Structures are given as C-alpha cells and as structure tokens.
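Right, one structure below, let's go through it.
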Amino acid sequence: MEWVAVVTSIALLQAFVFAFQVGMARVRYDVKAPATAGPEEFNRAFRTHQNTLEQLVLMVPAMWMFAWYVRADVAAGLGLLFVVGRQVYRGAYMKNPDTRSLGFGLGALAIVVCAIGTLVGAVLSIV
Amino acid sequence: MEWVAVVTSIALLQAFVFAFQVGMARVRYDVKAPATAGPEEFNRAFRTHQNTLEQLVLMVPAMWMFAWYVRADVAAGLGLLFVVGRQVYRGAYMKNPDTRSLGFGLGALAIVVCAIGTLVGAVLSIV
Amino acid sequence: MEWVAVVTSIALLQAFVFAFQVGMARVRYDVKAPATAGPEEFNRAFRTHQNTLEQLVLMVPAMWMFAWYVRADVAAGLGLLFVVGRQVYRGAYMKNPDTRSLGFGLGALAIVVCAIGTLVGAVLSIV
C-alpha cells in the first residue's frame, strides 16, 4: 500500500498548490475575501481548484478501497492517472475552459474504475 | 467491512452521477465554464451536487471510523440511510428547494451518529 | 490510532457546526436556497464553511497516512492544531476577513507537514 500512500500524498499536495494559486490570483487581481468571483483569470483558477477538490473527494476513498479489495499496484497507477489528468485539466482550463474535457475525463475515468472495481471486488468477497 | 465498502462505493457513484447531471445542465441551459450560476434549474442541480459533496466529505471518514470503533453493520446501514437521504434531497430540491429539509436531515443524522458514536467508541477504547 | 480517531471526529463535528451556522445565517438574513450570496455576514459564514471543507478534504487522509507511516501521536497533535486553526480562522474571518491568515496558516501547516511527512515515510519504507 506504500505506493498508494505516495500517490495520495502527491494528489493532496497538488490540490494544495492549486489552492495556493487561487490565493496568488486573489492578490494579483485584487479579489478580496469573501468574494469568489472577479476577472476571468481569477475565476478560472478558482474553478480548477474547486473542480479538483470535487474529484479528489471521490478519488481518495475509491483508490484506497480499490487497493484493498482489488489490487494495490493498479490503484496507485490509477491515482497517478488522476494526478496527470488534473494537471492537464488545469493547464487547458487556464488557457481556454472549453478544452477542459480531456483532463476532466482522465480524472473521472480513474474514479469510475476505482469505485466500480471496489463494488465488484467487495461483493465478490462477500459472496 | 465489505458492506461498508459496498455502501461507500454507491455513495461515491451517486455523487458522480450528480456531477454528471450538473454537466448536462451546463449544456442544456448553456452555462459556460467558469460560470457557476445561470437559470434556476441549473442553480438547483449545481447546489444539490455541492451540498452532497459537503456532506460526503464528513460521512465517508465518519462511517469508516464508526465501522472500526463501534459496529460495521450499523455503519453500513447508516451509510445506506445517507444515500437514500441524498436521493430524497435531490428529488425534493429540484422541484422546490424549500422542501429539502427531510433529505438533508437524513444525511445529517447519519453523519452525527457516526461522528459522535466514533468519539464515544474511541474514547472508551482508550480508557 | 484511537487519538487520531478522536481528533478526526472533533474536526468533522466542527465542520458540521460551521455548516449549521450557515443554515442559521440563511434564516437570519433571509438567503433562500439555491442562492449562496447575500449580506456580508452571510457571505463570511458561507466562505468559512467552504474553506474549512477545502482544508478538511486534504487533512483527513494526510493525517491518517501520517499516523500510519510516521507517528500516530504526532498525527493526533497536528490534527488538534488543525482544529484550533480552523476555530481561529472562523473567529477572525467573521470579524474581518483580512485577519484570516493566522488561522488559515495553522491548518495549512498541519496539512503540509502530514502530506510531506507521509511522502518521506512511505518512500523510506519502500526503499
């Protein structure tokens, strides 16, 4: 499970960096809390962070359950796919939000495979 | 713990479907990213997804700790109550947000029982 | 690990109370769902809750991995620092959002130490 822990730590630190980038965008574009909307550049940084958390909330438990009930090495690989997906997502989104589908899809794929894989694995181990 | 894993997978997939429904509402009502507000129907889909994640973030760790320190079968049952609650919540919210209390309350109840139960169970096992 | 479970339960209940305070602010300032913006007091309550969830999503897995791969007692202590940080954050934010840095920083510090500590601990146990 060590590799799953390594990949999870990287995913958490990635989300932390995205949060930090929102903080920097707050300063640069002078968007004072509690406002969460401002110039387009700020809005894009804000939404990539939010969307990353929305996926991360599903990915972390799904990846660990998949590691336990199916295979730990495949779980770590899917976790890495997730991290790459979120980086692709942010890069595309900051340039043009309409190009965010690929990065989004990689993360979504990793989540669905882990969640459905766990469902099958856990049910099989009950039966 | 297999049943807890089964119920958790279902809860994660439920949140994933809610996210997908927001994406469909984006297309239907032409709400382009990074905007997160638009026609009332879109806003309702957006908020039910957000609120589900807000509760899911508390429910998943609370349910697993409760399973470990108190009882796994009761944890799975409370997890199922949570999933039913979120479905009731979404159904009611999409028709009329003022009727969201019951569905919200079921999820909140499951969270509070799991968190307080864990607190008591873990403290008792320390003493 | 019992202390980590105790601290996690407290952190989850703290976030639950913040959510409840948003609900009360909805009633007091008459901000009807699905709206998420209203008078400044409501906006502050809303954002402190959101920001607490944004950090909690990273803290819970980071703290448990740190407990497992590094030290459980230090993990529980960092968890306590996180809870104190979020309380300081909310208290400051509700008075004046510009004074939120200290409370924010305590939570961020706890997250970074847990995530980087886990990364180092897990890699060392692989090598």
**Report entry** Rounded accessible area of residue C:106 (nearest 10 Å², 1.4 Å probe)
**Finding:** 40 Å²
Query - At 7 Å out from Cα toward Cβ: residue C:127 inter-copy label distances (nm, ascending) - result: 4.5, 4.5
**Report entry** Per-copy distances of the residue A:39 label point, shortest first, in nm (7 angstrom along Cα→Cβ)
**Finding:** 3.3, 3.3
**Report entry** P(r) weight above 16 Å for the stretch A:14-70, C-alpha pairs, percent
**Finding:** 49 percent
Query raised in the report: How much of the accessible area of the stretch A:35-103, in percent, comes from carbon and sulfur atoms when a 1.4 Å probe is used?
Result: 63 percent
Query raised in the report: In square angstrom, rounded to the nearest 10, how much accessible surface does residue C:123 have for a 1.4 Å probe?
Result: 60 Å²
**Report entry** Cα convex hull of chain B, projected area averaged across orientations, nm²
**Finding:** 8.0 nm²
**Report entry** In Å², nearest 10: area of residue B:20 left accessible to a 1.4 Å probe
**Finding:** 130 Å²
**Report entry** C/B buried area, accessible surface, summed, 1.4 Å probe, Å²
**Finding:** 2000 Å²
Report summary line: With the label set 7 Å along Cα→Cβ, residue A:77 is separated from its counterparts in the other copies, in nm and shortest first, by 4.1, 4.1
Report summary line: Links exceeding 19 Å between C-alpha atoms in this model, out of B:95/C:32; B:32/B:95; A:32/C:95, come to B:32/B:95
Query raised in the report: For the rotation that superimposes chain C on chain B, which residue of C has the C-beta lying nearest to the axis, and at what distance in Å?
Result: C:57, 3
Query raised in the report: How many Å² of accessible area per residue for the protein assembly as shown, probe 1.4 Å?
Result: 42 Å²
Query raised in the report: Given the Cα atoms of the protein assembly as shown, and with Rh set as the inverse mean 1/r over their pairs in the Kirkwood sense, what is Rg to Rh to two decimals?
Result: 0.94
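The values are calculated or read from the model by the stated rules, or taken from the named source; none is laboratory data. A quick note: this is a predicted structure, and the numbers were derived from the prediction, not measured. Quick reminder, even Gly has a Cβ in these numbers, built from the backbone with ideal geometry, and neighbours come from all protein chains shown. Areas reflect the complete protein model, heavy atoms only, side chains present, ligands, DNA and RNA absent. Shrake-Rupley method; radii C 1.70, N 1.55, O 1.52, S 1.80 Å.
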